[in-house]
Amino acid sequence: MAQTSDTITLTTAQAIVRYLAAQFIEIDGKKTRLCGGGFGIFGHGNVTCLGEALYDHQAELPLYRGQNEQGMGFAAAAYAKYHLRRRFMFCTASAGPGTANLLTASALAHANRLPMLMLCGDTFITRLPDPVLQQLEHFGDPTFGVNDAFKAVTRFWDRITHPAQIIQSLQAALNTMLDPADCGPAFIGLPQDVQGWSYDYPVSFFEEHVHRIRRQAADVDEIASAVGLLKTAKRPMIIAGGGVQYSGAVAELTTFVEATGIPVVETIAGRANLLDTHPLNIGPLGVTGSDSANAIAEKADVILAVGTRLQDFTTGSWTAFAQDAKIIGLNAARHDAAKHMSLTVVGDAKLGLAVLRSDMKGYASPADWTKLAQTKRAKWANYVTENTRIGNGPPSYAQAIGAVNALCDPRDRVVAAAGGLPAEVTANWRTLDIGTVDVEFGFSCMGYEIAGGWGARIAQSELEPEKDTIVFTGDGSYLLMNSDIYSSVLTQKKLIILVLDNGGFAVINKLQSNMGGESFNNLFADTPTATHQVGVDFEAHARSLGAMAETVTSPAGLADALARAKAADQTYIISMKVDAYDGWTTEGHTWWEVGTPHISDKPKITAAHEEVESARARQRKGV
């Protein structure tokens with residue numbers, strides 16, 4: 001390749017990879033590469049040019065071969081979440097169906113505000129060979145294709161039509177992914193011809209660059225207004241969301257609440273902000289929360305929401321709070337800080353909490369209020385103890401969660417996502433250490449569990465290789481996406497996977513029944529077209545993918561198997577049947593708005609609709 005003192009001639013693909021390899025970030029005073037590598041499945045749309053470029057940078061940017069593009073995206077999201085959005089992975093897929101398979105994963109990263117860079121093949125800019133293999137043809141717009149679908153599920157989108165464009169586009173993509181307010185997935189479409197075109201790039205473009213995450217201090221007037229409102233509170237409460245961890249504000253949160261005595265409740269993304277044993281941790285909030293958190297939420301008069309999107313599972317579809325409760329939104333993102341006419345404090349949580357603590361000096365939550373919250377929490381702790389006790393009924397999610405919780409290392413990472421397990425983990429898991437829980441409920445995406453576990457384990461192996469990543473998955477999610485068991489075996493990134501088999505989509509069957517419907521098309525046993533009822537041998541299937549596996553029949557047996565799994569040096573699957581009807585966590589739920597038929601000739605459905613609507617009076621109407 002030609003080079004002068006000022007320029008170097010590279011293909012577009014070579015320049016992209018060389019640029020990514022030169023990007024670093026400072027984390028806790030230590031310089032590390034910003035991009036941890038990538039996940040890739042090659043096809044004709046990316047193998048010849050981008051594949052050639054990646055081959056020469058394997059040491060700096062290791063490439064993990066995926067089995068499914070969607071799983072690659074899930075793994076990239078989980079990797080970024082483990083690293084608290086300070087590092088990311090790229091995903092590369094070929095043009096057409098390979099790229100289309102990334103759509104769901106991009107939506108997950110978007111909903112969860114997680115960075116992920118997609119470098120995907122595209123059709124030819126010259127259009128000379130059109131229509132090409134896997135190209136969609138829109139007769140009225142020849143520029144419109146599969147890649148345009150990503151505009152709805154990315155924070156940054158671009159299609160490169162000339163090699164020089166990446167000089168601006170790559171910087172913009174990285175700036176977006178590292179922005180605390182705008183963080184999310186970035187997509188760069190790479191037409192197959194443009195990938196191989198060459199250009200004389202400035203040498204300075206490839207110089208090593210160290211990034212730092214911006215910390216935006218809140219406006220002094222907004223802080224003053226928040227302090228003024230908080231000081232009037234007779235029943236204050238703090239909602240701690242995932243943004244507390246992304247900001248690195250756990251210590252500031254802890255110091256602030258210990259100085260003021262204000263009770264804290266956690267969102268699903270905010271689980272593991274405080275230890276289970278902290279006296280001001282009142283429990284998880286919302287639809288899949290705790291009686292303790294929900295009890296004080298409905299009485300709180302001033303609520304400080306820190307680093308949370310205030311999603312419906314947190315707010316109980318906005319019935320969890322009193323109609324006249326005042327909300328203060330401390331968030332790096334203006335959009336989140338201002339929800340429901342909150343008093344906005346737009347800024348970094350770490351900086352904001354430190355200033356609030358200083359300016360709130362002398363304020364203390366009324367003792368009787370804090371005592372009430374702690375009394376409620378103690379009662380909830382007793383409920384969880386009984387709910388997770390082995391032998392309290394047929395094998396259940398809660399018993400399995402309790403068995404794992406009792407035996408795992410405090411720094412083991414727990415991963416769950418869709419179905420009934422996110423609710424059960426959120427309600428029943430006792431946090432042993434900060435930042436150790438990944439319950440993906442922003443998009444609640446089936447299939448994230450195992451693929452996300454793989455990505456989390458890749459990240460964990462960089463910092464805590466001696467710890468384990470433990471995945472909770474149901475049989476439904478397992479059947480939807482399990483191929484990254486093989487990925488974990490191939491790459492020696494050990495997972496412990498608990499497959500809790502309840503015979504189908506049991507939690508949706510429960511919702512269907514609770515809303516007056518008959519069991520239909522959720523459990524295999526209640527699927528009319530499933531005329532040949534056979535069970536799945538999850539143990540045998542996992543073994544066929546190279547993992548160690550065993551089947552147990554009780555939570556006590558699961559506990560014994562977990563000890564064997566932790567002693568093993570490779571991915572280990574434990575399968576256990578759980579009851580589809582009995583053993584669900586029945587407490588800790590707020591109202592949740594779901595669509596119900598206004599008219600039905602089925603009395604049970606009509607009665608369920610009337611019950612749902614009877615609670616609507618508690619719903620805050622956007623204020």
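Residues are listed down the side, and each one gets a yes or a no for (1) polar (S, T, N, Q); (2) more than 19 Å from Leu174 (Cβ to Cβ); (3) surrounded by fewer than 24 Cβ atoms within 10 Å (Cβ to Cβ):
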position: Leu128; (1), (2), (3): no, yes, yes
position: Gln135; (1), (2), (3): yes, yes, yes
position: Asp148; (1), (2), (3): no, yes, yes
position: Arg155; (1), (2), (3): no, no, yes
query: How about segment 324-357: which of its residues are touching a Lys or Arg at 6+ places or on another chain (Cβ under 6 Å) and farther than 13 Å from Glu222 by Cβ?
result: Asp336
message: Can you go through Phe524, Phe538 and tell me which one is of a type in the set (Phe, Trp, Tyr) and in contact with a helix residue (DSSP H, G or I) (Cβ under 8 Å, 6 or more places away or on another chain)?
response: Phe538
query: Hey, which of the helices (runs of 4 or more DSSP H) in segment 484-561, taking only ones fully inside, have at least 2 residues that are hydrophobic (A, V, I, L, M, F, W, C) and at positive phi?
result: none
field: helices (runs of 4 or more DSSP H) wholly inside segment 212-289 containing at least 1 residues that are over 18 Å from Thr344 (Cβ atoms), open to solvent by 40 Å² or more (accessible area, probe 1.4 Å) and at pLDDT 95 or above
entry: 242-246, 250-260
query: Out of segment 54-78, which residues are open to solvent by less than 30 Å² (accessible area, probe 1.4 Å) and part of a helix (DSSP H, G or I)?
result: Leu54, Glu69, Gly71, Met72, Gly73, Phe74, Ala75, Ala76, Ala77, Ala78
query: Just one of Thr126, Thr92, Thr99 is within 20 Å of Cys445 (Cβ to Cβ), touching a helix residue (DSSP H, G or I) at 6+ places or on another chain (Cβ under 9 Å) and either assigned to a loop (DSSP other than H, G, I, E, B) or of a type in the set (Val, Ile, Thr) (or both); which is it?
result: Thr99
message: Can you tell me which condition Asp560 does not meet? The list is (1) open to solvent by 80 Å² or more (accessible area, probe 1.4 Å); (2) in contact (Cβ under 8 Å) with a residue 40 or more places away in the chain; (3) of a type outside the set (Gly, Ala, Ser), and all the others hold.
response: (2)
query: Any residue at all in segment 441-463 that is touching an Asp or Glu at 6+ places or on another chain (Cβ under 8 Å), assigned to a loop (DSSP other than H, G, I, E, B) and in contact (Cβ under 8 Å) with a residue 12 or more places away in the chain?
result: no
task: Being among the aromatic types (Phe, Trp, Tyr) and out of contact with any Leu (no Cβ under 8 Å at 6 or more places or on another chain) is the filter here, so list the residues in segment 194-212 that pass it.
output: Trp197, Phe205, Phe206
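Have a look at Thr527, Thr585 and point out the one that is of a type in the set (Val, Ile, Thr), farther than 30 Å from Gly289 by Cβ, out of contact with any strand residue (DSSP E or B) (no Cβ under 7 Å at 6 or more places or on another chain) and open to solvent by less than 70 Å² (accessible area, probe 1.4 Å).
Of Thr527, Thr585, the one residue that is of a type in the set (Val, Ile, Thr), farther than 30 Å from Gly289 by Cβ, out of contact with any strand residue (DSSP E or B) (no Cβ under 7 Å at 6 or more places or on another chain) and open to solvent by less than 70 Å² (accessible area, probe 1.4 Å) is Thr527.
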query: Pairs, please: C-beta under 8 Å, at least 6 apart or cross-chain, first residue more than 21 Å from Val250 (Cα to Cα) and in contact (Cβ under 8 Å) with a residue 60 or more places away in the chain and in segment 334-349, second in a helix (DSSP H, G or I) and of a type in the set (A, V, I, L, M, F, W, C)?
result: Leu343/Ala226; Leu343/Leu229
- request: Please state which one of Cys49, Cys91 is touching a Ser or Thr at 6+ places or on another chain (Cβ under 8 Å), modelled with pLDDT of 95 or more and surrounded by 19 or more Cβ atoms within 10 Å (Cβ to Cβ).
  value: Cys49
- request: Answer yes or no as to whether Gly474 is at positive phi, buried (at least 24 other Cβ atoms within 10 Å of the Cβ), modelled with pLDDT of 95 or more and not acidic (Asp, Glu).
  value: no
field: Selected residue (criterion: farthest from Leu275 (Cα to Cα)) from residues of segment 406-441 that are modelled with pLDDT under 95 and open to solvent by 20 Å² or more (accessible area, probe 1.4 Å)
entry: Gly419
- prompt: Here are Glu610, Glu550, Glu593, Glu587: which of them is under 20 Å from Ser477 (Cα atoms) and not polar (S, T, N, Q)?
  reply: Glu550
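The values are calculated or read from the model by the stated rules, or taken from the named source; none is laboratory data. Everything quoted here is computed from the prediction, not taken from an experiment. Note that we place each Cβ from the backbone using ideal geometry, even for glycine, and neighbour counts take in every protein chain shown. In case anyone asks, the SASA skips ligands and DNA or RNA and just uses the protein heavy atoms, side chains included. Shrake-Rupley method; radii C 1.70, N 1.55, O 1.52, S 1.80 Å.
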